[in-house]
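Everything on this sheet refers to the single structure shown next.
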Amino acid sequence: MKRDELVAKALETEFRKTLSRVVTLKEFTQELGKLLGLMGYKNFSLFHWRSIDYYLKTPPRLLISTNTTQAVKKAISYFHNVAAMRPSDELLDIYYEETDSLLDAPNTAVRRGCCILSTPTANYGYALRKGKHISSGQQVLSVVSETLSANQFSVKTKNNRLALDSLNRIIQEMGIKRFPELFSSDVNKEKITKKNKLFCLLNIIAHNDVTLSQAARMMGISVYTANKKIANIKAELGVSTLPTAVLYASNKDLIDRVL
């Protein structure tokens, strides 16, 4: 076992011990704040995108936070702009790294990411956990600093990547078990229309430079199902080719506009 894996497992064991004693969501949030405080972070937010929401550019669901509402909105907005490759004068520096998770079995295809953004007023760090299936989506643990310099914050967050990844994984596992009403996806509350489901596939193809089979894997569906969806889209739009469908859907704002 590599050193990083040993460190990650040791951190996870200690985090689990600390969080195993809490009962309420308030205590859970407070203990998370203390653990992150030991790493040098004052406030945090935790939000989640289902894959279909993410590719449709729908705002994530905020799970828990110790940040102000304004700070949370900024953290989500900056992250979304970077993910969607939308330019912003406020983003001074961007760092992103994505690797396989050291804590999850290889066959789960869980990826972990570390994103660090610098703005004129604050620095933002994001620890990501993302699965291969559309139901798993993407959970993001976000930390903010308004006091450290961009370089200090970047070094600190890179040094804490393993700890942040371990904590994010534990939050996901323990949160679902203890607070299912908060962490579990509620289809009734997060209802997606059939049209959005239909055009999600087209949106992925248009904006990620992938083939139909690759887009199908990203959505967790078969190529056969993907072909049926594309056929339905072309029939609904009254077009005969996939490029024409992309252009038409973009002009009608059925998917994000292709520049």
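The values are calculated or read from the model by the stated rules, or taken from the named source; none is laboratory data. A quick note: this is a predicted structure, and the numbers were derived from the prediction, not measured. Note that we place each Cβ from the backbone using ideal geometry, even for glycine, and neighbour counts take in every protein chain shown.
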*What number of residues within the range 93-107 are surrounded by 13 or more Cβ atoms within 10 Å (Cβ to Cβ), free of Cβ contacts under 8 Å to residues at least 24 places away in the same chain and not in a strand (DSSP E or B)?*
0
*Do you know which of the residues in the range 73-92 that are more than 14 Å from the chain's Cα centre (by Cα) and part of a helix (DSSP H, G or I) is surrounded by the most Cβ atoms within 10 Å (Cβ to Cβ)?*
Lys74
*Examine the range 151-163 for a residue that is closer than 21 Å to Arg61 by Cα, of a type in the set (Phe, Trp, Tyr), modelled with pLDDT of 75 or more and outside any loop (DSSP other than H, G, I, E, B), and state whether such a residue exists.*
no
_Selection from the range 203-241 of residues that are within 18 Å of Met85 (Cα to Cα) and either surrounded by 15 or more Cβ atoms within 10 Å (Cβ to Cβ) or among the charged types (D, E, K, R) (or both)_ = Asn203, Ile204, Ile205, Ala206, His207, Asp209
_Some residue of the range 128-148 being outside any loop (DSSP other than H, G, I, E, B) and surrounded by fewer than 18 Cβ atoms within 10 Å (Cβ to Cβ)_ = no
*Name the pairs: first residue in the range 16-35 and touching a residue at least 60 places away in the same chain (Cβ under 8 Å) and more than 12 Å from Arg178 (Cα to Cα), second residue among the hydroxyl-bearing types (Ser, Thr, Tyr) and surrounded by 12 or more Cβ atoms within 10 Å (Cβ to Cβ), Cβ to Cβ under 7 Å, at least 6 apart or on different chains?*
Leu35/Thr18
*Which residues, counting only those in the range 1-24, are of a type in the set (A, V, I, L, M), in contact with a helix residue (DSSP H, G or I) (Cβ under 7 Å, 6 or more places away or on another chain) and not in a loop (DSSP other than H, G, I, E, B)?*
Val7, Ala8, Leu11, Leu19
*So which of Phe15, Phe28 ends up being modelled with pLDDT of 85 or more, closer than 15 Å to Asn160 by Cα and either of a type in the set (Gly, Ala, Ser) or over 12 Å from the mean Cα position of the chain (by Cα) (or both)?*
Phe15
*For residues in the range 108-127 being touching a strand residue (DSSP E or B) at 6+ places or on another chain (Cβ under 7 Å) and in a loop (DSSP other than H, G, I, E, B), which is nearest to Ile94 (Cα to Cα)?*
Ala122
*Filter result (modelled with pLDDT of 90 or more, within 18 Å of His80 (Cα to Cα) and in contact with a Lys or Arg (Cβ under 9 Å, 6 or more places away or on another chain)) within the range 129-150*: Val140, Leu141, Val143, Val144
